[in-house]
């Protein structure tokens with residue numbers, strides 16, 4: 001059985017390889033690799049991030065491709081499913097490089113990013129890391145592009161606005177996975193530095209708890225002014241609803257993993273989220289580039305895009321731009337070196353998230369705007385420091 | 001004092017939901033003599049059925065609960081007829097494997113139809129009751145009332161009606177029950193139907209304060225297993241008391257000790273109780 005299956009796979013792969021080689025020869029196509037969760041619990045997230053890349057690829061190809069050293073190239077996105085498992089991401093990336101000679105592999109989760117960073121410099125491909133963990137670029141990998149800005153940029157406006165509006169007593173009631181811990185590790189010191197105090201620290205397993213009643217009431221017993229919450233959007237909205245039902249009147253600082261528009265869908269509008277500050281949902285972002293992007297995406301996919309889609313969309317446009325600037329589609333070092341310039345050259349409608357550039361470590365900077373829910377509407381607030 | 005009562009109320013809510021799920025599990029144990037792993041999937045399907053009835057068909061919450069109970073009861077009976085009945089002469093291991101297969105199958109079907117997204121069932125009573133300085137969402141009070149009502153109904157059915165007694169008789173001694181003329185097939189179908197309906201009602205009651213997604217059954221079924229082991233496999237009072245013990249342990253543990261430790265507290269309690277009473281709190285003549 002196993003022999004037959006692997007034989008079938010081999011012939012399939014060989015046929016695909018021959019096909020890919022054929023098409024590459026005919027049209028000078030560049031393969032862009034993608035590995036992410038396309039099945040299982042995080043499938044929706046994986047498919048969303050992929051749709052951003054595919055949308056960019058479609059635009060590039062419809063415009064007749066992009067020019068590198070006098071030759072036109074088209075883009076082919078090859079996506080492999082890793083079921084959110086870093087080990088599978090690594091296998092997929094190896095395959096994307098060996099079989100398709102992909103100069104860049106996009107991966108939308110920090111675990112996968114770290115797995116790929118173990119060998120990407122050696123194998124010669126760029127990791128297109130969709131994660132806001134600052135560590136993704138701080139560990140010295142020379143071929144990483146961290147697509148979204150580091151979450152550290154959100155901390156300053158969150159602390160400033162919430163402390164001013166609601167008070168100095170903070171309760172931590174966020175999720176307990178690694179990413180949330182990294183957030184707490186940045187948020188709590190910033191809160192204390194601004195003169196606040198932390199009255200309760202009670203992380204909860206957002207994905208494993210059947211009920212948040214006890215956890216939230218424990219936090220509220222120390223009567224905080226502001227609650228720091230966050231995990232996936234839907235459980236986060238349940239935590240917020242629970243706090244309101246228990247009579248909490250203060251504000252919420254919402255970690256960037258939770259998206260305000262998704263939360264509003266789970267609790268029937270913004271009424272319960274009053275006083276919450278979080279990432280600005282793309283559909284509420286009224287800057288010109290964002291608006292055109294949202295309209296285009298809605299037309300293509302018939303739903304609202306989230307920020308994960310726009311970031312990946314901009315990233316692929318920037319990568320092809322960098323290839324044109326570097327004059328090569330296969331030298332990852334040369335392409336990586338031109339990314340900063342490439343992002344700066346993007347037009348606003350191709351850069352809805354307003355990424356202003358990439359630092360020498362590969363981390364992106366963006367003009368960060370956060371959203372505060374006020375009287376049932378999301379009000380944009382600009383960060384004082386750009387990250 | 002107020003906070004203490006709040007946690008008491010919360011423990012009761014959790015215990016009520018757990019006990020409805022555990023009751024179905026323990027009843028079916030009397031027939032299959034293995035824990036039915038697919039029970040968590042029935043709970044999940046129950047939530048989706050109620051979601052479908054209120055959302056797509058526009059039914060009233062209570063109508064949706066009844067429809068969901070009926071649909072899941074039918075599904076449970078079908079699983080008995082098509083799977084477990086055919087395996088009645090096979091070794092118990094086969095039942096267990098079939099149950100796991102059923103669990104994966106149901107989850108995959110639900111995910112194929114509704115996708116992996118989180119869904120939500122709006123609460124029919126979103127009000128918050130405030131009395132004596134206590135606040136309680138009406139939905140939580142309703143869960144407690146409905147669960148205790150159902151438990152009382154189930155108790156009366158099993159103890160006071162002939163049909164109910166046949167279930168108890170079957171669980172106690174299969175051969176003996178057959179000898180006095182009890183139709184084993186009918187009793188198995190009835191038991192599966194009741195267990196499915198209980199799971200669906202539990203899911204419909206709990207869904208408005210929680211979320212609906214394909215993996216939602218895992219957590220609850222884990223707890224339900226612990227509960228029936230704690231209470232004694234196949235014991236009905238055991239399932240109720242066990243559920244309350246776990247519910248209160250979680251609620252008070254999370255509040256007074258730490259949210260991180262609440263599962264540790266619940267499971268440590270399991271180890272402690274089992275080391276004192278290895279057969280569970282309440283045991284009957286079932287093996």
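Read the figures in this text as sums done on the coordinates, not as results from a lab. Here the structure is a predicted model, which means the values were calculated and not measured. All Cβ positions, glycine included, derive from the backbone under ideal geometry; neighbour counts span all protein chains shown.
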What's the FRET efficiency of residue B:276 with residue B:3 using the Cβ-Cβ distance as r and R₀ = 25 Å, to the nearest 0.05?
0.25
So if the hydrodynamic radius of the stretch A:152-255 is defined as the Kirkwood radius over C-alpha pairs, what does Stokes-Einstein give as its diffusion coefficient at 20 °C and 1.002 mPa s, in µm² per second?
161 µm²/s
Asserting the computed 222 nm helical MRE of chain B (DSSP H runs at least 4 long, -39500 (n - 2.57) per run, divided by residue count, to nearest 500) equals -24000 deg cm²/dmol
Segment residue A:286-residue A:347, extension gain: residue separation times 0.36 nm, minus the distance between their alpha carbons:
20.3 nm
According to a simple spin-label model (label point 7 Å from Cα along Cα-to-Cβ), what is the distance in nm between residue A:118 and residue B:180?
6.4 nm
FRET efficiency (residue A:165, residue A:186; Cβ distance; R0 22 Å; to 0.05) is 0.60
Output the antiparallel fraction of DSSP beta bridges having both residues in the protein assembly as shown, as a percent to the nearest 5.
40 percent
Please list the radius of gyration and Dmax for the stretch A:253-387, considering alpha-carbon atoms only, with Å as the unit.
16.5, 52
Rg and Dmax of the stretch B:1-40, Cα atoms only, in Å
14.5, 45
Ranked output for segments A:327-336, A:88-97 by mean other Cβ atoms within 10 Å, highest leading, reads A:88-97, A:327-336
Mind ranking B:61-73, A:308-320 by how tightly packed they are, going by the mean number of other C-beta atoms within 10 angstrom, highest first?
A:308-320, B:61-73
Please rank B:86, A:146, fewest neighbouring Cβ atoms within 10 Å first, as an exposure proxy.
B:86, A:146
log₁₀ of I(q)/I(0) at q = 0.10, 0.12, 0.21 Å⁻¹ - the stretch B:185-282, Debye sum with one point per alpha carbon:
-0.32, -0.46, -1.17
Expressed in nm to one decimal, what extension gain is obtained for the pair residue A:39 and residue A:337 from 0.36 nm per residue of sequence separation less their Cα-Cα distance?
103.9 nm
Order the peptides A:122-130, A:104-112 from the highest to the lowest mean number of other Cβ atoms within 10 Å of their residues.
A:104-112, A:122-130
For A:211-223, what's the mean count of beta carbons from other chains sitting within 10 Å of each residue's beta carbon?
6
Determine one quarter of the surface area of the Cα convex hull of chain A, which equals its mean projected area, and express it in nm² to one decimal.
19.8 nm²
Counting only other chains, and only Cβ atoms inside 10 Å, what mean value do you get across the residues of B:254-262?
6
Between residue A:296 and residue B:74, the two model label points (7 Å from Cα along the beta-carbon direction) sit apart by a distance in nm of 4.8 nm
Based on the Cβ-Cβ distance from residue B:145 to residue B:63, what FRET efficiency comes out when R0 is 22 Å, to the nearest 0.05?
0.75
Amide N of the stretch A:186-225 lying under 16 Å from the label point, which is placed 7 angstrom from the Cα of residue A:359 along Cα→Cβ
A:186
With 5 Å bins from 0: P(r) over the stretch B:19-216, alpha-carbon pairs, percent:
1, 8, 15, 19, 18, 15, 11, 7, 4, 2, 1, 0
Starting from the Kirkwood radius over alpha-carbon pairs of the protein assembly as shown, derive D by Stokes-Einstein at 25 °C in a medium of 0.890 mPa s and give it in µm² s⁻¹.
90 µm²/s
How much length is gained if the chain between residue A:178 and residue A:201 is pulled fully straight, taking 0.36 nm per residue apart and subtracting their Cα-Cα distance, in nm to one decimal?
6.7 nm
Explain nothing, just the number: relative contact order of the stretch B:19-216, from Cα pairs under 8 Å at least 6 residues apart, as a whole percent.
42 percent
